[in-house]
Amino acid sequence: MGVFPLMWAIHVGCVVLSVSGFVARGGLMLAGSPLLATRFVRVAPHVVDTLLLASALWLAWAIGQYPFVNGWLTAKVLGLLAYIVLGSVALKRGRSKRVRAAAFVAALATVGYIVSVALTRDPRGVFELLG
Ligand code: HEM
């Protein structure tokens, strides 16, 4: 047992903070709000995402399953990379609001997939239901 429940709670807590923060920043982006450039709004996600990743690595070590060894953890890491790239297109790189909005929706779909992989511990995640 030990600190596993604590690390699990930090991981899942950071997932909730990361996704709700991303949704909030997406709202600011769509509204064209200057708040998006605020120091707190720019720095807080890095703190949350660093804790998210650190707790992820700790959990993986604790259960003895690893990305590029166990398929579902590989899927989570690749999904996380896709979420980061789509997220940065949505919040800054996208040239037009259409592109940014599309990347925003795709990033949210990606997180949904990652959560489904976490819950099923299967790289197919929600697509497992297709049979
Ligand atoms: C945005 C990215 C991520 C999301 C949304 C996410 C989501 C979750 C959720 C919801 C759980 C709880 C599942 C459960 O207890 O049934 C979980 C557990 C876990 N996650 Fe993540 N995660 C992410 C990134 C990662 C990454 C990159 C790794 C791999 C290095 C990872 C490794 C783990 C491990 C090892 C567990 C514990 C599984 C167990 O209890 O057997 N996570 N994750």
Single condition I84 does not satisfy, out of (1) more than 20 Å from V41 (Cα to Cα); (2) within 11 Å of the ligand (Cβ to nearest atom); (3) surrounded by fewer than 18 Cβ atoms within 10 Å (Cβ to Cβ): (1)
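Which count do you get for residues in the range 87-116 that are surrounded by 15 or more Cβ atoms within 10 Å (Cβ to Cβ) and of a type in the set (S, T, Y)?
Here is the first cut: in the range 87-116, the ones surrounded by 15 or more Cβ atoms within 10 Å (Cβ to Cβ) are 87, 89-91, 94, 100-104, 106-108, 110-111, 113-116.
Right, trim to of a type in the set (S, T, Y) and you get 110, 113, 116.
Summing the residues that are surrounded by 15 or more Cβ atoms within 10 Å (Cβ to Cβ) and of a type in the set (S, T, Y) in the range 87-116 gives 3.
Could you go through the range 103-114 and let me know if any residue there is farther than 14 Å from F22 by Cβ, touching a helix residue (DSSP H, G or I) at 6+ places or on another chain (Cβ under 6 Å) and near the ligand (Cβ under 8 Å from one of its atoms). Quick ask: steps written out before the conclusion?
Just the residues of the range 103-114 that are farther than 14 Å from F22 by Cβ, to begin with: 113.
From what's left, touching a helix residue (DSSP H, G or I) at 6+ places or on another chain (Cβ under 6 Å): 113.
Retained after the next criterion (residues that are near the ligand (Cβ under 8 Å from one of its atoms)): none.
No, the range 103-114 contains no residue that is farther than 14 Å from F22 by Cβ, touching a helix residue (DSSP H, G or I) at 6+ places or on another chain (Cβ under 6 Å) and near the ligand (Cβ under 8 Å from one of its atoms).
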I'd like to know if the range 70-77 contains one or more residues that are away from the ligand (no atom under 15 Å from the Cβ) and small (G, A, S). no
When the residues of the range 56-69 are filtered to those that are within 8 Å of the ligand (Cβ to nearest atom) and small (G, A, S), which remaining residue is nearest to the chain's Cα centre (by Cα)? A56
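Out of curiosity, is K92 basic (K, R) and in contact with a helix residue (DSSP H, G or I) (Cβ under 7 Å, 6 or more places away or on another chain)?
Numbers: basic (K, R): yes; in contact with a helix residue (DSSP H, G or I) (Cβ under 7 Å, 6 or more places away or on another chain): no.
For K92, the condition - basic (K, R) and in contact with a helix residue (DSSP H, G or I) (Cβ under 7 Å, 6 or more places away or on another chain) - is not met.
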Condition set within 16 Å of the chain's Cα centre (by Cα) and surrounded by 14 or more Cβ atoms within 10 Å (Cβ to Cβ), scope the range 33-52, selection farthest from the ligand (Cβ to nearest atom): answer is A44
Taking L119 and the conditions (1) modelled with pLDDT of 95 or more; (2) exposed (fewer than 13 other Cβ atoms within 10 Å of the Cβ); (3) of a type outside the set (S, T, Y); (4) more than 10 Å from the ligand (Cβ to nearest atom), which numbered condition does it fall short on, given that it satisfies the others? (4)
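The values are calculated or read from the model by the stated rules, or taken from the named source; none is laboratory data. Since the model is a prediction, treat every value here as computed from it, not as a measurement. Every residue, glycine as well, gets a Cβ built from its backbone with ideal geometry; the counts of neighbours run over all protein chains shown.
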